[in-house]
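Colleague: To start, I am sharing the structure in question, which I have written as structure tokens.
FYI, it's all coordinate maths here, none of it is from the lab. Worth saying up front: this structure is predicted, and the values here are computed from it rather than measured. Cβ coordinates were reconstructed from backbone atoms using ideal geometry, including for glycine residues, and neighbour counts include every protein chain displayed.
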């Protein structure tokens, strides 16, 4: 779990240092701010997941069982991550 939290936090800290450079071009500054915003969103989702798991462990949330199509779930996840992967410049 610490890796999942540290990765977006390291990204936030690193890019904030870069953004602080006075001679950084505006377009690059905007790009870095976008990365920081995405990392903040990712970190918030991780924190929400941790809180949710904590509630489940403490018995504050009742789990509901349901039938799930693994194929449909994997297709949905693939589409989500594929869109994000296509945006990355290699």
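Colleague: Mind checking the angle between helix 26-58 and the chain's longest principal axis? C-alpha axes, 0 to 90 degrees, to the nearest 10.
Modeller: 20
Colleague: What angle, in degrees between 0 and 90 and rounded to the nearest 10, separates the Cα long axis of helix 70-87 from the longest principal axis of the Cα atoms of the chain?
Modeller: Around 0 degrees separate the two axes.
Colleague: So, in nm, how far is label residue 10 from label residue 23 when the simple model puts each one 7 Å beyond its Cα toward the Cβ?
Modeller: 2.8
Colleague: Relative to the longest principal Cα axis of the chain, at what angle does helix 2-19 sit, 0 to 90 degrees, rounded to 10?
Modeller: 20
Colleague: Using only the Cα atoms of region 2-64, what semi-axes does the equivalent ellipsoid have when each is the square root of 5 times a gyration tensor eigenvalue? Give whole Å, largest first.
Modeller: For region 2-64, the ellipsoid semi-axes come out as 35, 10, 6 Å.
Colleague: Binned at 10 Å from 0, what are the whole-percent values of the Cα-Cα distance distribution for region 43-90, short to long?
Modeller: Each 10 Å bin holds this share of Cα pairs: 21, 26, 39, 12, 2.
Colleague: Can I ask one more? Note the full-extension length gain between residue 38 and residue 88 as 0.36 nm times their separation in residues minus their Cα-Cα distance, in nm to one decimal. Present the calculation step by step, with values, prior to reporting the outcome.
Modeller: Details: separation 50, 0.36 × 50 = 18.00 nm, distance 1.29 nm.
So the chain would gain 16.7 nm between residue 38 and residue 88.
Colleague: Simple spin-label model, 7 Å along Cα-to-Cβ: residue 81 to residue 64 in nm?
Modeller: 2.7
Colleague: Another question about this same structure. What value, in deg cm²/dmol to 500, does the helix sum -39500 (n - 2.57) over DSSP H runs of n ≥ 4 give at 222 nm once divided by the residues of the chain?
Modeller: Values: 3 runs with 69 residues, N = 90.
The helix contribution divided over the chain gives -27000 deg cm²/dmol.
Colleague: Can you tell me, using C-alpha contacts under 8 Å and at least 6 residues apart, the relative contact order of the chain as a whole percent?
Modeller: Averaging sequence separation for qualifying contacts and normalising by length gives 25 percent for the chain.
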